[in-house]
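Structure first, then comments.
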Amino acid sequence: ELYFIRVHYDFTAPADWKPHLFASADRGASFSSPGFVGTRNQVALFSPRYGTGASTVYLLAGTSLRTITTGTHALVDVSTVPLTPALASGDSVALTGGITPGGQIFLYALYSRGGGANRTDVYFSANGGVNWTPRIAAPTSMFGPNSAESSTRDPNHLFVGGIDTYRSADGAATWVLVNPWADYYTAPATRLHADVPGIDVYVDAGGNERVYIATDGGLYESTDYALTVNNL
């Protein structure tokens, strides 16, 4: 099964550009349309990449978390993220997480605040989105919808990219700047460039997690959760 969200114009009141969910049960040969979901820039899809339970697909629309039912594509309510203050029109949403070695799904809901706030509010669930706790906000807004990511198996490791990239090794209790963007110009091989449209984490053939950080100065790889980075 394959899911994606595309922005379409909804002519029904209130008419506007809105996220539209599409679903395929045949590896993308054909798609059905479960319909419009949520508000533009405030809807996110996530499914754990590895581990038992990796078939669960989550949809976060604003603060409403749902799962997508296999076969029927029906949306099932899970919980509401207790976000404060409420979402504003310039805010955006991301959803990430993973599965612990013990088989428990963990999730992070991230809310990038617009209007020059320059922060991303972070909420954590240790039990697949049933309950949520606020964590310390990352000191940057997200550059785009793919600019936040966690470890696939360890909820302590979380990354958020805006102009600069920040990492946390304690479940968003604290944040550390990877490097100031200007450092790139004296050490482009080992210092991140400004502007981070994407962060992703994959497990290699040896079972090690590799963090990939996409910047305006190239794609970087890290094997130590962004303590150090290598410009590919």
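Odds and ends about this structure:
- Of the candidates ILE199, ILE136, the single residue that is of a type in the set (A, V, I, L, M, F, W, C) and in a loop (DSSP other than H, G, I, E, B) is ILE136.
- For region 181-216, a residue qualifies if it is of a type in the set (Gly, Ala, Ser) and either over 19 Å from SER141 (Cα atoms) or open to solvent by 20 Å² or more (accessible area, probe 1.4 Å) (or both), and the qualifying residues are ALA182, ALA187, ALA189, ALA205, GLY206, GLY207, ALA214.
- Being part of a strand (DSSP E or B) and more than 24 Å from PRO134 (Cα to Cα) holds for only one residue in TYR50, TYR3, and it is TYR3.
- Of residues in region 27-57 being polar (S, T, N, Q) and surrounded by 14 or more Cβ atoms within 10 Å (Cβ to Cβ), the one farthest from ARG153 (Cα to Cα): THR39
- Number of positions in region 158-191 that are in contact with a Gly (Cβ under 9 Å, 6 or more places away or on another chain), part of a loop (DSSP other than H, G, I, E, B) and closer than 17 Å to ASN146 by Cα: 0
- Sole residue being surrounded by fewer than 17 Cβ atoms within 10 Å (Cβ to Cβ) and either out of contact with any Asp or Glu (no Cβ under 7 Å at 6 or more places or on another chain) or of a type in the set (Phe, Trp, Tyr) (or both), chosen from SER79, SER24, SER89: SER89
- The condition (being assigned to a loop (DSSP other than H, G, I, E, B) and open to solvent by less than 20 Å² (accessible area, probe 1.4 Å)) is satisfied by just one residue among GLY98, GLY71, GLY128: GLY128.
- Among the residues of region 147-157, those that are in contact (Cβ under 8 Å) with a residue 24 or more places away in the chain and either open to solvent by 50 Å² or more (accessible area, probe 1.4 Å) or in a loop (DSSP other than H, G, I, E, B) (or both) comprise SER147, SER151, THR152, ARG153, ASP154, PRO155, HIS157.
- Every residue from region 131-146 that is β-branched (Val, Ile, Thr) and surrounded by fewer than 17 Cβ atoms within 10 Å (Cβ to Cβ): THR133, ILE136
- Flag for SER64 being among the small types (Gly, Ala, Ser), in contact (Cβ under 8 Å) with a residue 40 or more places away in the chain and open to solvent by less than 40 Å² (accessible area, probe 1.4 Å): no
- Exactly one residue among LEU45, LEU21, LEU83, LEU87 is outside any loop (DSSP other than H, G, I, E, B), closer than 22 Å to ALA172 by Cα and not β-branched (Val, Ile, Thr), and that residue is LEU45.
Table: residues versus (1) touching a Gly at 6+ places or on another chain (Cβ under 6 Å); (2) not polar (S, T, N, Q).
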residue: SER24; (1), (2): no, no
residue: GLY35; (1), (2): no, yes
residue: GLY38; (1), (2): yes, yes
residue: GLN42; (1), (2): yes, no
residue: TYR58; (1), (2): no, yes
residue: ILE68; (1), (2): no, yes
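The values are calculated or read from the model by the stated rules, or taken from the named source; none is laboratory data. This one's a predicted model, so the numbers in the text were calculated from it and none came from an experiment. Positions of Cβ are backbone-derived with ideal geometry, glycine not excepted, and every protein chain shown enters the neighbour counts. Ligands, DNA and RNA are stripped out before the accessible areas are found, and what is left, the full protein with its side chains, is counted by its heavy atoms. Shrake-Rupley method; radii C 1.70, N 1.55, O 1.52, S 1.80 Å.
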